[in-house]
Amino acid sequence: MLGKLIKYEFKATSRFMLLMYGLLIALSGIISISLRFNLDEVFAGIAEEFQLGSLILGVFMFIIITIFVVLNVTVICGMFFYAIKRFKDNLLSDEGYLMHTLPVKTHQHITSKTIVSVIWTIVSFVAVMISSFILFLGISETNIFKELAYILSQIQWGEFYVVEALIILAEFAICMVVTLINTYLHIYASMAIGFSSNTHRIAKSIGVYVAITVASNMFETIVISPVLLFGIGGVNYMSNPHIILWGGTIITVITTIVYYYITHHFLNKKLNLL
């Protein structure tokens, strides 16, 4: 059943997300081509032949750049707001009457929404990187592919520092994925608590989010900071990036489990759809 929920969630969210990705990459491609072939100079020359042509060209370019920036922000941040809306509409509002009558356990609802939201967020960052790379192709005066091939050919892949860097990169990626899961469950836990009330649910959800954030930061400051700064047994862990990454990941996993339990408890025992 979890697989079906994930499939349904992807189907319900794909139309919006794929539209955003398509618009972003297409627009970056148009801007990149115009920069590569100096179309801005051609348009400027045409604009000078007409009255108010320069002004129209300036406004047009401003609109294109604004749309590109807005699309980047929408792709990066949009999934967070979209995930919040999906969680609220599906599980905390009128639609919740149907969703909670399905032969599905509460933890499956939470897990499916978290997995889909995290995957879309990662894909969003990849889409932004692709659009930025396409834009860079138009700006760069060199063959970027040859430059990359040359750089890769100069790397001594057997060297210790390269392997060490790859390990750190993998650890960082794991830490980021865990952090994304933590971020969504933090939001879900706050909403589950806030919407268990009868009035001012959104305001209370925001208040709970702030309170949990403060408590989490205090916990990290009190427990983690002394260990990282002063170490245990005379060992200073700040000099070891592996311990920093894995220490942060473990702490994030602990708080994630707490958020998951809070979300599950309030959805299962304190849910209020009135």
Within the set of other residues whose C-beta is less than 12 Å from the C-beta of Met17, count the net charge using Lys and Arg as +1 and Asp and Glu as -1. +2
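Give the calculated FRET efficiency between Thr66 and Tyr8 to the nearest 0.05, with a Förster radius of 35 Å applied to their Cβ-Cβ distance.
For Thr66 and Tyr8, the calculated efficiency is 0.50.
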Quick check: pseudo-label points 7 Å beyond the Cα along Cα→Cβ at Ile250 and Val104, how many nm apart are they? 3.5
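Could you work out the local net charge near Lys113, counting Lys and Arg as +1, Asp and Glu as -1, over the other residues with Cβ closer than 10 Å to its Cβ? Spell out each step's value before the answer.
On the way: positive: Arg86; negative: Glu9.
Overall, the nearby charge balance is 0.
Computed from the coordinates by the stated procedures, all read-outs in this text should not be read as laboratory data. For clarity, every value in this text was computed on a predicted model and none was experimentally measured. We place every Cβ from the backbone using ideal geometry, glycine too, and count neighbours over all the protein chains shown.
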